[in-house]
Amino acid sequence: MKILVVGGAGYIGSHVVKALMLKGHDVTVYDNLSTGQEINLFKQNCFVNGDILDYPALLSAMRGQDAVVHLAAKKAVGESMENPMLYSVNNISGSLNILNAMVECGTKYIVFSSSAAVYGMPDKSVIDENVPLNPINYYGFTKLEIEKFMGWYDRLKGIKFVALRYFNAVGYDADGDIRGKELNSQNLLPIIMEVVSGKRDKLKIFGNDYSTPDGTCIRDYIHVSDLASAHVLALEKLAQGMESQSLNLGTEKGTSVLEMVAACSSVVGHEIPVEFAPRRAGDPAVLVASANKARKLLGWSPKYSDIKDIVRTVYAIN
Ligand code: UFG
């Protein structure tokens, strides 16, 4: 298939591009390099330096494409609450440009990077796709709205979509083919690695009084290469006639912050200094996916199930 990967130079996008190319797809990366990096572009794929807000440029990149993988978005939860306009424009208007360009060019399929943030603070700790959608931050709201727009473009224009609701994306390509580390990440594992490399003194653990076995928050950490393989399968299933879907992607296993620290200590071979700090606003105690729907519909299953194996892929490029 001819596939336009929007945001293909970014952290998750570059892993998706590799997975698509290994399957023989004809990939064009469309990226404005605002957070993506040139070092992540494979020589064999075609690259267009463009912005999703530049409709004429987007339209010309869209012509002749069979499908889109859309990963271009602003994704910092805190920033989305302070500067919602940035998220309205980049995430919502940008995605509408993509959908409109698809209609204009006759491009039929889209795989969209959504997020567990669409669920907000669910009552249940194991989350399937039937849990009420109730985002508690503007970032999650934009992801949910885009899913709804895709639903309408399916009904009105026949564009078939898969929205992949990622849980906590972590890790790096184990072959070392993707060399650009995610820049300025505020997420747990990259921060622990900054402590390991001496860039930070210690990890601040946000809350140790949650109702979890060790008092720290539990998340479902899914390796980025496993996320990438789901995109390939989703596109192939759409092309085979699968109806539009929203699917969770996670390992179905929870890891607490302290368990993550212990796994990292074991991989790097020394203690990692931590201190307990107050809870961070908006953090649910436990978020673990049921990925049963993705397993069934895509025939997908994550290859990385051991958190230490995931940590090793991060430490290797640290
Ligand atoms: N944490 C710390 N200290 C830190 C950073 C994080 O204790 O310095 C804790 C957080 O409180 C949380 C856990 O580590 O309990 C994971 O936090 P992250 O910031 O790595 O990830 P989040 O679960 O907050 O959010 C991530 C993405 C979101 C996405 C969500 C989906 O950043 O975009 O996963 O589950 F929506």
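Here, each number is a calculation from the coordinates, and none is a lab measurement. Everything quoted here is computed from the prediction, not taken from an experiment. Virtual Cβ from ideal backbone geometry, glycine too; neighbours counted across all protein chains shown.
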- [ ] Please state which one of Leu20, Leu53 is within 23 Å of Glu236 (Cα to Cα) and outside any strand (DSSP E or B).
- [x] Leu20
Open item on the list: Out of Asn184, Asn90, I need the residue that is out of contact with any Gly (no Cβ under 6 Å at 6 or more places or on another chain), assigned to a helix (DSSP H, G or I) and not aromatic (Phe, Trp, Tyr). Which one?
Closed with: Asn90
TODO: Among the candidates Ser197, Ser185, single out the residue that is polar (S, T, N, Q) and under 20 Å from Ala72 (Cα atoms).
DONE: Ser185
- [ ] Identify the residue in the range 230-254 that is surrounded by fewer than 23 Cβ atoms within 10 Å (Cβ to Cβ) and among the polar types (S, T, N, Q) and, among all such residues, is nearest to Val274 (Cα to Cα).
- [x] Ser246
TODO: Mind telling me which of the residues Asp214, Asp209, Asp226 ends up being touching a Pro at 6+ places or on another chain (Cβ under 9 Å) and either within 26 Å of Val5 (Cβ to Cβ) or surrounded by fewer than 23 Cβ atoms within 10 Å (Cβ to Cβ) (or both)?
DONE: Asp226
- [ ] Output the number of the condition that Gly36 fails; it satisfies all remaining conditions of (1) touching a residue at least 12 places away in the same chain (Cβ under 8 Å); (2) over 12 Å from His231 (Cβ atoms); (3) more than 18 Å from the chain's Cα centre (by Cα).
- [x] (3)
- [ ] With a cut-off of at least 2 residues that are under 22 Å from Leu144 (Cα atoms) and near the ligand (Cβ under 9 Å from one of its atoms), name the strands (runs of 3 or more DSSP E) lying wholly within the range 202-294.
- [x] 286-289
Task: Of residues in the range 137-168 being aliphatic (A, V, I, L, M), under 15 Å from the mean Cα position of the chain (by Cα) and surrounded by 23 or more Cβ atoms within 10 Å (Cβ to Cβ), the one farthest from the ligand (Cβ to nearest atom) - done: Val162
Open item on the list: Given the condition more than 16 Å from the chain's Cα centre (by Cα) and free of Cβ contacts under 8 Å to residues at least 60 places away in the same chain, answer yes or no: does some residue in the range 4-21 qualify?
Closed with: yes
